[in-house]
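All remarks here apply to the structure that follows.
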Amino acid sequence: MQKMPEPYRIKMVESIQLIPRAERERKLAEAHYNVFALRAEDVFIDLLTDSGTGAMSDAQWAAIMTGDESYAGSRSYYRLEDACRETFGHQYFAPTHQGRGAENVLFPLLIKPGQVVLGNMHFDTTKAHIELKGGEAVNCIVPEAFDTANCSPFKGNMDIACLERSIEENGVEKVAFVLLTITCNSAGGQPVSMANIKAVREVADRYHLPLFFDAARFAENAYFIKKREPGYENRSIPQIVREMFAYVDGFTMSAKKDGLVNIGGLIGIKDDEVLYSKVRANVVPIEGFPTYGGLAGRDLEALARGLREVVEEPYLESRIGQVAYLGEKMLAAGIPIQQPVGGHAVFVDAGKFLSHLHNNEFPGQALTIELYREAGVRGVEVGSFLLGRDPRTGEQLVSPLELLRLTIPRRTYTFNHMDFVADALIRIYQRRHEVRGVKVVEESQVLRHFTAKLALL
Ligand code: P70
């Protein structure tokens, strides 16, 4: 595969180091085999998440110096509002400290206890927030999302028949709203097509249900539409983004991804003034005054600038291309991954890779541990360990996919880092039968994977 160099050069560097193997072994044991408990300085290449871990541009750093730190009515807030209106075409915005802050503010206004939220595939913090508000998160993603070898272009799409069936079965009054996650993180960073967004809108209209985006990776989704959906090849990314957002009533967004910032979140409301006034009222006790929403003025400036940079096509081409490069290298070595390669990460099919392990031996987590041991690379499990237990019965749920996610921070690593990661995983693949499973020995009730303790089997 031909490599185009990154469309930027490096002005500042941060040292990283690979500690010796025996040290890594000790650090793993001290962390109770949960990579969230590792110190970042003991990690060589950190692919835990693309959330808040990217590099800002010189223009963003410069904008930071112009931040207006006024408590109320900050100039930086109005700059962000301009950038948001231009990017998304919605009327109203509220900054929040990150994505789950946005969920925490908006969801209680939309969900009554006992209601369901129908989505393509809810992200874990989103699911947790729906449940904390007394709701239930139901997934209706297309079935091909669970077949990692299926190369359909839009594996993040909502299964429209499933959506209609779920509305009918629950009764429309039991449905709070419909939520499309773009790109669909839990399904492997897979995009949702414009045609599917339109079709979901039509169903929502028929039942008078609100439709929202979980928009953390909206620009990556737009890029896939441009590259894969007939009729969009000559449209600009900003045009595609505007069209996508024209179909929804509002959105929550973790700006730590496609906002190209280290912290921040957003709520967008298309035109519902009443809902927006409720959002403003709710932001105050939870996040802070509506013109800063848990952020500093400088953060608002960096985000305003980031929203403009993220829709630049050379950036997106390089970004998606780097992730694809890592994925293709693994595929060439026979390693099973979610195909086509997603926008923000390569999702290794650990269920197939470690086919000798059962779901309750957490193959995704076992492979995560092995990769850190082998090369000091930190990935993250997305499978049964993350899924957790049935809140009613306490039984371990079985995830349809057991994945190791190698999440690529934006503008942070080079092709050499990608080669190093791929080579390490290929070495493990050659001796995969030696990799042992794990069990959970201590866990919390909500979002256990962040803090649980594990032991090797
Ligand atoms: C990730 C992070 C966050 C996220 C998301 C979508 C589609 C909302 C949020 C919450 C979380 C994470 C996972 C594993 C390791 C570290 C971090 N996703 N919606 O990496 O946003 O984090 O800002 O509250 O993907 O996928 P926020």
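The values are calculated or read from the model by the stated rules, or taken from the named source; none is laboratory data. Model, not experiment: these values are computed from the prediction. Here the Cβ positions follow ideal geometry from the backbone for every residue, glycine too, while neighbour counts run over all protein chains shown. Ligands, DNA and RNA are excluded from the accessible area calculation, which covers all protein heavy atoms including side chains. Shrake-Rupley method; radii C 1.70, N 1.55, O 1.52, S 1.80 Å.
Within the accessible area of the range 58-309, the carbon and sulfur atoms contribute 51%, probe 1.4 Å, all protein chains present.
Measuring between alpha carbons in the structure, the pairs from LYS155/LYS226; LYS352/LYS439; LYS155/LYS270; LYS27/LYS256 lying more than 25 angstrom apart are LYS155/LYS270; LYS27/LYS256. What is the distance in Å between the Cα centroid of the range 45-109 and that of the range 327-381? For the range 45-109 versus the range 327-381, the Cα centre distance is 32 Å. Calculated mean residue ellipticity, 222 nm, the chain: -12000 deg cm²/dmol, from DSSP H runs (n ≥ 4) at -39500 (n - 2.57) each, averaged per residue and rounded to 500. When peptides 192-201, 293-302, 426-435 are ranked by their average number of other Cβ atoms within 10 Å per residue, the highest-first order is 293-302, 192-201, 426-435. The gain in end-to-end length when the ALA333 to ASP419 segment is fully stretched comes to 29.7 nm, 0.36 nm per residue minus the alpha carbon separation.
Each part gets one Cα centre, and for the range 265-292 versus the range 411-439 those centres are 43 Å apart. For the range 47-143, the Kirkwood radius over C-alpha pairs fed into Stokes-Einstein at 25 °C and 0.890 mPa s yields D = 150 µm² per second.
If the chain linking ARG392 and ALA199 were pulled fully straight, counting 0.36 nm for each residue of separation and taking away their Cα-Cα distance, it would gain 66.2 nm. Once the chain from ILE19 to VAL446 is taken as fully extended at 0.36 nm per residue, the excess over their C-alpha distance is 150.4 nm. All other residues whose Cβ lies under 13 angstrom from that of GLY288 are scored, Lys and Arg at +1 and Asp and Glu at -1, for a net of -2.
Taking a ≥ b ≥ c as the square roots of the eigenvalues of the Cα gyration tensor of the range 207-327, is the shape rounded (a/c under 1.5), prolate (a/b larger than b/c) or oblate? Because a/c hits 1.5 or more and a/b fails to exceed b/c, the range 207-327 counts as oblate.
Modelled spin-label separation between ALA281 and ARG165, with each label point placed 7 Å from Cα along the Cα-to-Cβ direction: 4.0 nm. The modelled label-to-label distance for the pair THR66/HIS32, using points 7 Å beyond Cα in the direction of Cβ, is 4.8 nm. For the chain, the spherically averaged projection of the C-alpha convex hull amounts to 20.7 nm². In this rough spin-label picture, where each label sits 7 Å from Cα along the Cβ direction, the VAL172-GLU41 distance is 6.0 nm. Can you tell which of PRO113, HIS356, LEU403 lies farthest toward the positive end of the dipole of the chain, using +1 and -1 charges on the Cβ of basic and acidic side chains (Lys, Arg; Asp, Glu)? Value computed over the given set: HIS356.
For the range 58-309, the mean projected area of the C-alpha convex hull, equal to one quarter of the hull surface, is 12.9 nm². For the chain, the per residue solvent-accessible surface stands at 40 Å², with DNA, RNA and ligands left out and a 1.4 Å probe.
With R₀ set to 51 Å, the beta-carbon distance separating ARG427 from ARG85 gives a calculated FRET efficiency near 0.55.
Think of each Lys and Arg Cβ as +1 and each Asp and Glu Cβ as -1; about the Cα centre, that makes the dipole of the range 238-318 roughly 300 debye. Heavy-atom surface analysis with a 1.4 Å probe gives the range 386-457 a carbon and sulfur content of 51 percent of its accessible area.
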